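Worksheet: one structure, shown below.
The values are calculated or read from the model by the stated rules, or taken from the named source; none is laboratory data. What you are looking at is a predicted structure, and each value in this text was computed from that prediction instead of being measured. In this analysis, Cβ positions are derived from the backbone assuming ideal geometry, glycine residues included, and neighbour counts consider all displayed protein chains. Only protein heavy atoms, including side chains, enter the accessible area calculation; ligands, DNA and RNA are left aside. Shrake-Rupley method; radii C 1.70, N 1.55, O 1.52, S 1.80 Å.
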2 protein chains.
Amino acid sequence: MLPIAMSDIHAHLTQEHVEVLFGKGHQLTKWRDLTIPGAYACNETVEVRGPSGSIKGAVVVGPTRKYTQVEISLTNAAVLGIKPPLRESGDLEGSPGAVLVGTAGELALEKGIVAALRHIHMNTNDAREFGVKDGQRVKIRVPGERALVYENVIIRVDPEWALEMHVDVDEGHAAGVVDFQLVELIR
Amino acid sequence: MLPIAMSDIHAHLTQEHVEVLFGKGHQLTKWRDLTIPGAYACNETVEVRGPSGSIKGAVVVGPTRKYTQVEISLTNAAVLGIKPPLRESGDLEGSPGAVLVGTAGELALEKGIVAALRHIHMNTNDAREFGVKDGQRVKIRVPGERALVYENVIIRVDPEWALEMHVDVDEGHAAGVVDFQLVELIR
C-alpha cells in the first residue's frame, strides 16, 4: 500500500518568467514545503488565460526550473478552452500555450500547458520492495465507496523521493480520494 | 460494450420550486432532449450557492419531479463548500442543502444536494444480454491512454431506457472520456 495525493492546477516557472510575472530580480517565496523533497508551494500565484476562460490563483511551485510548465486538469482545460496532452513533467513539445498573468506583468506562453500523467514517486528501496522499475506502468486500486482502478500509472524512481502517488483533482475526486489515504499497487 | 456520457451539474425541480425560482405559473421550456426518453435539458438555469462559493448556470432538467435535487461533482462540492453524499436519484435523506437562485427568486433548500452514484441505464433486453439485474453492481473499464476501471457501478433497468452509462464530469475526465465512447462491462 502507498499514499495518494491530489495536485491542483499549478505552474513551474523559469527565473526569467518569474521576473516577467513578478518583477525584475524577484525571487520566489516559500509558502509551504511539499512532500517532494526540495519542492515547495509559493506565495506567488498566476492567472492562466485561455481562449474560452481564465483561472486565477494557480499556485507557483518552486524552485525555478529550466522550463515553464502549467499542469491542469481536464476540468480546468474545459474552462480555459485548451486541449492539453497527457505528459510527464518537462515533456512539452507540441503542447499548447496560454497567457500567464502575474502581479507585475503577463506572458504569452507558446507551449507548456499539459495534463500530468498519473505517476508514483518512490525511492530505490521502495522500487525493490514493490518489485518495479523506473518507467514501468502499473495499476493502482483505490478502495472505498467510489472504488476504482487506475491503469497506466507510471513509476518514477529517485533515491531522494518519498513514496507517493500523484493524481490530478479530477482523478482524485472520481475515486473519492482523501489526500494521503492508502491505495494498492497491482502489478 | 456500451456508451458512456458525462453529466455536468444540474437540477431537478418540483413545480412549486420552478415557480419560486422563475415566477408564478412558470412552465419549464425545453432546450434539447436528453438520451433518457422523456427527459430534457431546459433553457432555465439556476445558480447554486454554498457556504464557500457559488456556481452559475446549472442546467435544469425537465420534466418537474416530486422532489428537488441538485447533482454536483466533488469538484463542484469543493467550490461550494458542501459535502454531498453519494446517492441514487431521489434518495435525499440527510443530504445537505444550498441556496438556489433563479430569475424571479431564490430558495433555501434544506436538503437535496447529492453526488450521483455512477450508474448504467438499460432496458430489459439489454439486462438479459449482459446477464445482469436491476440493482446489481458491476465494474466498467474505459480503454485509452487514461484507462481505468470503475467499480461499484449500479445497474438500473427500465423497459423504456436506452443503454447508457452515466458518470459525473470528474469521473469522466479522470478516464479521458469522450461522450458516447464505448466502455466494457466487467461482471
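Which distances, in nm and shortest first, link the residue B:88 label point to the same label point in every other copy, taking 7 Å along Cα→Cβ?
Once sorted, the set of distances for residue B:88 reads 4.5 nm.
When the accessible area of each residue in segment A:139-153 is compared between its chain alone and the complete protein assembly (1.4 Å probe; ligands, DNA and RNA ignored), which residues differ by at least 20 Å², being lower in the assembly?
A:141, A:145, A:146, A:147, A:148, A:149, A:151, A:152
With springs only between Cα atoms under 10 Å apart, run a GNM on chain B and tell me which of B:62, B:50, B:94 wobbles the most.
Highest fluctuation of the listed residues: B:94.
Would you look at the GNM of chain A, springs on alpha carbons closer than 10 Å, and say which of A:136, A:15, A:69 moves the most?
A:136
Under 24 Å Cα to Cα from residue A:111, which lysines show up? Leave out anything in the same chain fewer than 8 places away.
A:24, A:56, A:66, A:83
Treating only the Cβ of Lys, Arg, Asp and Glu as charged (+1, +1, -1, -1), what charge dipole size does chain A show about its Cα centre? Round to the nearest 20 debye.
The dipole of chain A has a size of about 200 debye.
Apply the Kirkwood formula to the protein assembly as shown: the hydrodynamic radius equals the inverse of the mean of 1/r over all pairs of different alpha-carbon atoms; give it in Å with one decimal.
Kirkwood radius, the protein assembly as shown: 22.3 Å.
Carbon and sulfur: what percent of the protein assembly as shown's accessible surface (1.4 Å probe)?
51 percent
Mind checking the per residue accessible area of segment A:119-186 for me, 1.4 Å probe, whole number of Å²?
I get 42 Å² per residue for segment A:119-186.
With every protein chain left in place, what is the accessible area per residue of segment A:1-63 in square angstrom, probe 1.4 Å?
For segment A:1-63, the per-residue accessible area is 48 Å².
Mind listing which GluC sites (Glu not before Pro) in segment A:23-99 are in a DSSP loop and have 16 or fewer other Cβ atoms within 10 Å?
Hits after loop and neighbour filter: A:88, A:93.
Put simply, what bits of segment A:65-101 lose 40 Å² or more of accessible area when the other protein chains are there, versus the chain on its own (1.4 Å probe)?
With the partner chains in place, segment A:65-101 has these residues losing at least 40 Å²: A:74, A:75, A:86.
Only bridges whose two residues both fall in chain A count here: according to DSSP, what percent of them are antiparallel, nearest 5?
Restricted to chain A, the bridges split so that about 70 percent are antiparallel.
What are the ³J(HN,Hα) couplings of segment A:32-39, residue after residue, when phi is run through the Karplus curve with 6.51, -1.76, 1.60 and θ = phi - 60°? Round to Hz, x for glycine and proline.
Working through the residues one at a time gives 7, 5, 9, 6, 7, x, x, 8 Hz.
Please identify, among A:157, A:167, A:61, the residue showing maximal mean-square fluctuation in a Gaussian network model of chain A using a 10 angstrom Cα cutoff.
Looking only at A:157, A:167, A:61, the biggest GNM fluctuation is shown by A:157.
Report for the protein assembly as shown the percent antiparallel among DSSP-assigned beta bridges with both residues inside it, nearest 5.
70 percent
Counting other Cβ atoms within 10 Å of each Cβ, which trypsin sites (Lys or Arg not before Pro) in segment B:103-159 have at most 15 and sit in a DSSP loop?
Of the trypsin sites (Lys or Arg not before Pro), the ones in loops of segment B:103-159 whose Cβ has at most 15 other Cβ atoms within 10 Å are B:111, B:133.
Give me the summed buried accessible area for the B-A pair, 1.4 Å probe, to the nearest 100 Å².
Chains B and A together bury approximately 2100 Å².
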